[in-house]
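Presented below is the structure to which this report refers.
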């Protein structure tokens with residue numbers, strides 16, 4: 001495995017390397033999944049699970065998609081019995097979407113499968129490489145929230 005380049009690295013070339021590496025890692029992790037949901041459906045399901053319940057508009061805003069697109073995503077998740085809609089507690093014109101037990105089980109199994117694969121890959125690295133990744137993890141998280 002090549003050693004990390006720390007000198008003569010412009011922000012542009014680092015951005016390119018990170019983009020490609022993160023994209024490849026993301027694809028590899030997605031392949032560990034065992035369900036036929038799309039990336040968008042998984043992202044929506046994860047957001048609803050994390051927030052406990054959301055209106056379709058809140059979910060669309062959170063995922064940065066148009067409400068009609070999110071309505072289709074929610075409908076697909078409902079057909080799989082992964083989410084359910086119920087009346088909004090204070091606004092009768094709206095509904096809230098919640099993850100079902102089946103949806104929580106699916107997310108737990110998917111995460112476990114992906115984390116097991118990633119744990120195995122991390123075990124193949126040197127302790128120094130794992131230490132570098134441990135330091136990089138919060139930085140990557142910060143970038144993901146920018």
| query | Quick one: helix 127-144 against the long Cα principal axis of the chain, what's the angle to the nearest 10°, folded into 0 to 90? | reply | 40
| field | residue 100 versus residue 52: modelled label distance in nm, points set 7 Å from Cα along the beta carbon direction | value | 2.2
| query | Taking only Cα atoms, what is the 0 to 90° angle, nearest 10, from helix 67-79's long axis to the longest principal axis of the chain? | reply | 80
| said: Sort 42-48, 71-77, 29-35 by packing, meaning the average of other beta carbons within 10 Å per residue, with the highest value first. | reply: 42-48, 71-77, 29-35
| said: Compute the angle between helix 101-123 and the longest alpha-carbon principal axis of the chain, please, reported from 0 to 90 degrees and rounded to the nearest 10. | reply: 0
| query | Quick one: if you stick a label point 7 Å off each Cα along the C-beta vector at residue 142 and residue 34, how many nm between them? | reply | 3.8
| note | Along principal axes, largest first, the alpha-carbon spread of the chain in whole Å comes out as 59, 30, 23
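Since every read-out is calculated from the coordinates, none of them should be taken as a lab result. Everything numeric in this text was worked out from a predicted model, so none of it was measured. Cβ: placed from backbone, ideal geometry, glycine included. Neighbour counts: every protein chain shown.
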